[in-house]
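Colleague: Sending over a structure as structure tokens; questions will come in a sec.
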Amino acid sequence: MSKPDLRTISLGAGVQSSACYRLAVMGEIGPRPDYAIFADTQNEPPWVMESLKELREWGDIPIVVATRGELGDEIKKAVGTQEGRFSSVPFWTSSKSEPGKATPIRRHCTSDFKIEVIHKKVRELLGLKPGEHAKGKYRAEEWIGISVDELERAKPSRVDWITSRFPLLFDKPMRRDEIKLWLTDNGFPIPGKSACVFCPYRKPIEYAKWRDEAPEQFEEAVRWDKSLRSGKDGLLKGMNEKAYIWKDLRPLEELPSVEELEGRDDAQLDLFNDGCDTGMCGV
């Protein structure tokens, strides 16, 4: 594309998007973005915010933080402890057609708390007023940190005046393991996975490791998991079956040991790839 009016990085502060940011600052991929935008759900684990802080102190491409508010409030609305319509998170529930088989609830959280938040900030950075059309006036380029092993997550932008670009696919193709090696070789820390504390697309073994290595975060996840079944009849609004963070349709506190989970298929499956097709969350 010809030179856009604004070029941004969608920064999740995880492995891939952090690498995109560092590569851009170092001039290894370009042209240089104007900003990086971090959409804050206010429910990220502390290491994500620590990674973001480190990037802001290290790099000279401005990092802008944007937020719609706390995603956890949507859970409180779903169980009836707060009023209002809620943005659904793809927690696991029993399938209507195959009782006992886990199926995710419809997902609106990525769109509402990541994609729309970032696009609203892009409009603000371009100087657009609320309701003012961008099409025909401005063109923006959005860098998304999807690596070669996540190729299926690379999708065109849903906004016709924004072009999605995938530097880790085409400018400097790398797989996730290669990105980690590049970070290590350049003396950079390897960030933890960026996703909300209660994200149902985390592997169960991750939560089990939290129990051993980050007990405060595990207890927070357990509290959110319990809250999913704290509403009337133990159900979220509009649901006929109980919801869980764990795909086994069991409370997180019942997770077996890390050693037991290591032999299971879902210890290897990347549920971010299997379930999250936008590339906006777990990067």
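The values are calculated or read from the model by the stated rules, or taken from the named source; none is laboratory data. It should be emphasised that the depicted structure is a prediction, and the values quoted were computed from it without experimental measurement. Glycine gets a Cβ as well: all are built from the backbone with ideal geometry, and neighbour counts include every protein chain shown.
Colleague: Quick one: which residue in Glu142, Glu116, Glu152 is within 20 Å of Gly30 (Cβ to Cβ) and among the acidic types (Asp, Glu)?
Modeller: Exactly one of Glu142, Glu116, Glu152 is within 20 Å of Gly30 (Cβ to Cβ) and among the acidic types (Asp, Glu), namely Glu142.
Colleague: Scan the range 167-189 residue by residue and report those that are farther than 15 Å from Ala154 by Cβ and of a type in the set (Asp, Glu).
Modeller: Asp177, Glu178, Asp185
Colleague: Residues in the range 177-207 that are under 18 Å from Asp248 (Cα atoms) and either acidic (Asp, Glu) or more than 20 Å from the chain's Cα centre (by Cα) (or both): how many?
Modeller: The qualifying residues number 1.
Colleague: Checking the structure you have, find out if any residue of the range 218-225 is without any contact (Cβ under 8 Å) to a residue 40 or more places away in the chain, touching a strand residue (DSSP E or B) at 6+ places or on another chain (Cβ under 7 Å) and of a type in the set (Phe, Trp, Tyr).
Modeller: no
Colleague: Determine whether Ala24 is in contact with a Pro (Cβ under 7 Å, 6 or more places away or on another chain) and part of a loop (DSSP other than H, G, I, E, B).
Modeller: Judged against the criteria, Ala24 is not a match.
Colleague: Ok, one more. Any residue in the range 122-141 that's under 16 Å from Thr8 (Cα atoms): show its pairings with residues that are among the β-branched types (Val, Ile, Thr) and in a helix (DSSP H, G or I) at Cβ separation under 6 Å, as long as the two are six or more apart or on different chains.
Modeller: Note: pairs meeting the criteria are Ala140/Val122.
Colleague: Tell me which residues, restricted to the range 213-254, are in contact with a Leu (Cβ under 7 Å, 6 or more places away or on another chain) and either among the charged types (D, E, K, R) or farther than 11 Å from Ile75 by Cβ (or both).
Modeller: Within the range 213-254, Ala221, Val222, Asp225, Lys242, Tyr244, Trp246 qualify.
Colleague: So, one more: Given the options Asp160, Asp185, Asp112, Asp177, name the one that is surrounded by fewer than 21 Cβ atoms within 10 Å (Cβ to Cβ), touching a Lys or Arg at 6+ places or on another chain (Cβ under 9 Å), modelled with pLDDT of 95 or more and not β-branched (Val, Ile, Thr).
Modeller: The conditions single out Asp112.
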